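Q: Following this message is one structure expressed as structure tokens.
The values are calculated or read from the model by the stated rules, or taken from the named source; none is laboratory data. Bear in mind that the values here come from a model prediction, so they are computed numbers and not experimental data. Note that we place each Cβ from the backbone using ideal geometry, even for glycine, and neighbour counts take in every protein chain shown.
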Amino acid sequence: MELDPVWKDALTEFGNIGAAHAATSLSQMLMSPVEMTVPEVLAIDIADLHKYISNEISAMVVFQIQGEIAEGGYIVVSMPRQTIIQLTNQMLGMGDTDREINEMDQSAAIEIGNIMISAFLDATAELLGIVMLPSPPALAIDMAHAAFESIVAQVTTDVNSVLIFNTELMSEAPPVYGSIYMLPNVELADQLFRMLERLMEPPS
Amino acid sequence: MENDFFGEETAVILGLGEHRVGNYPMATIGLGSCIALILYDRRRLIAGLAHIMLPESRGSVDRPGKFADTATNVLLDEMESQGCTRNTIAAFVVGGASMFVFSANSLNIGERNIAAVKENLQKQRIRIDYEETGGKVGRSVYFWPEGKGRLVIKRADGTCSQV
């Protein structure tokens, strides 16, 4: 599936606004500057997913998008193992980075995910004039691709491609790195297209 | 990501919902709730692999490898058209993990996938030679049809096993 370039631009801008708010909330939490990439918007055939999602062991915090569109798809914060340890240490004032992931890290990952995703959905929902809320989070610390499979399976029961928004966030001190992915299901994607179309109409 | 597993040119990595039948090495990388169903004919040294994502096709036919029910049938059909016979085919079933904690919802679809795959194998009277299903960790699966058939499973917790 190829995306129309105009759509792609509109969707990129949509993701940009959400990700910028998420980056701000992360920056406030870390009390340090956070940089972000311009979001990538891709329509990926499910068979090619493994070319885009790595197999690195990562913490994936997953939220279902709820609100006006019930079960509108999923939004995911993915952070490599080392980033999670850095973030927990930063928040608790600890120094040991050479350790195993523990329960504290799990809680920290979920909390950070929660704050970032709430900011993302708030900002994008306001742009569209609808309500989008995150479900309670689910967490997997595993191969990123393996965790993604379960999410993709939920949004592609009847279709063979999936729309993915991807933004990377990074900070130098502490050295952390993460990605936000949004996978709208077919209904939410349709609604996004319709709403963006309305926003792009010249004022009459 | 590891597109040249062990540098073998003929090796194929199968994405979500794909299936292949042949005498070359096959793999699926980063298997979560999905299932790698391998059917292997020891006499002809031909294998079929499907990267199954969901339990039921509900009438969908364009990606037979995606669903447990259609995947079993399409692998058997293609293997039989290459001269394999039902009674020398055995199955290897790997995957179907439940990876998410703090989640009671549909994300943990692994168990349903396992049940559906086994039910379909039983319906087709295919014996399961080796099974590693369920659990909480992701896996990568590699299969070489030559010799007696070699299956390697790498797990997210760093362990590895060979069958």
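Q: Which numbered condition in (1) within 14 Å of chain A (Cβ to nearest Cβ); (2) out of contact with any Ser or Thr (no Cβ under 9 Å at 6 or more places or on another chain) is the only one that B:Tyr142 fails?
A: So B:Tyr142 meets the others, but not (2).
Q: Moving to a separate point now. Just checking, does the range B:97-113 include any residue being surrounded by 21 or more Cβ atoms within 10 Å (Cβ to Cβ) and more than 14 Å from chain A (Cβ to nearest Cβ)?
A: Checked against the condition, which is being surrounded by 21 or more Cβ atoms within 10 Å (Cβ to Cβ) and more than 14 Å from chain A (Cβ to nearest Cβ), the range B:97-113 yields no hits at all.
Q: Looking at A:Ile151, A:Ile180, A:Ile164, which is the one that is under 26 Å from A:Asn55 (Cβ atoms), more than 14 Å from every other protein chain (Cβ to nearest Cβ), of a type in the set (Val, Ile, Thr) and surrounded by 19 or more Cβ atoms within 10 Å (Cβ to Cβ)?
A: When all the criteria are applied, what remains is A:Ile180.
Q: Quick one: would you say A:Val176 is under 22 Å from B:Lys66 (Cα atoms) and of a type in the set (Val, Ile, Thr)?
A: Considered against the rule, which asks whether it is under 22 Å from B:Lys66 (Cα atoms) and of a type in the set (Val, Ile, Thr), A:Val176 comes out as no.
Q: Taking B:His51 and the conditions (1) buried (at least 18 other Cβ atoms within 10 Å of the Cβ); (2) at pLDDT below 90, which numbered condition does it fall short on, given that it satisfies the others?
A: (2) is the only condition that B:His51 fails.
Q: Sticking with this structure for a sec: Every residue in the range A:45-70 that is surrounded by 20 or more Cβ atoms within 10 Å (Cβ to Cβ), closer than 28 Å to A:Ile130 by Cβ and more than 10 Å from chain B (Cβ to nearest Cβ), please.
A: Within the range A:45-70, A:Phe63, A:Ile65 qualify.
Q: Please go through the range A:88-123 and give me each residue that is within 12 Å of another protein chain (Cβ to nearest Cβ) and either touching a residue at least 24 places away in the same chain (Cβ under 8 Å) or outside any helix (DSSP H, G or I) (or both), ordered by number.
A: Listed by number, the residues that qualify are A:Glu100, A:Ile101, A:Gln106, A:Ala109, A:Ile110, A:Gly113, A:Asn114.
Q: What number of residues in the range A:34-70 are part of a loop (DSSP other than H, G, I, E, B) and farther than 14 Å from A:Met182 by Cβ?
A: Of the residues in the range A:34-70, 8 are part of a loop (DSSP other than H, G, I, E, B) and farther than 14 Å from A:Met182 by Cβ.
Q: For the range A:183-196, how many residues meet the condition of being among the acidic types (Asp, Glu) and either free of Cβ contacts under 8 Å to residues at least 60 places away in the same chain or within 14 Å of chain B (Cβ to nearest Cβ) (or both)?
A: The number of residues fulfilling the criteria is 1.
Q: If we keep just the residues of the range B:122-137 that are closer than 21 Å to B:Ile153 by Cα and at pLDDT 90 or above, which is farthest from the other protein chains (Cβ to nearest Cβ)?
A: Among those residues, the one meeting the criterion is B:Arg127.
Q: Related question: Among (1) more than 12 Å from chain A (Cβ to nearest Cβ); (2) of a type in the set (Ser, Thr, Tyr); (3) surrounded by fewer than 21 Cβ atoms within 10 Å (Cβ to Cβ), there is one condition B:Thr72 misses while meeting the rest; what is its number?
A: Here B:Thr72 meets the rest and fails (3).
Q: From the set of residues in the range A:71-87 that are of a type in the set (A, V, I, L, M, F, W, C) and outside any strand (DSSP E or B), which is farthest from B:Asp157 (Cα to Cα)?
A: A:Leu87
Q: Please pick out the residue among B:Leu39, B:Leu45 that is surrounded by fewer than 21 Cβ atoms within 10 Å (Cβ to Cβ), of a type in the set (A, V, I, L, M, F, W, C) and more than 8 Å from chain A (Cβ to nearest Cβ).
A: The conditions single out B:Leu45.
Q: While we're looking at this one, here's another question. Can you tell me which of (1) surrounded by fewer than 20 Cβ atoms within 10 Å (Cβ to Cβ); (2) in a helix (DSSP H, G or I) is the one A:Ala146 doesn't meet?
A: (1)
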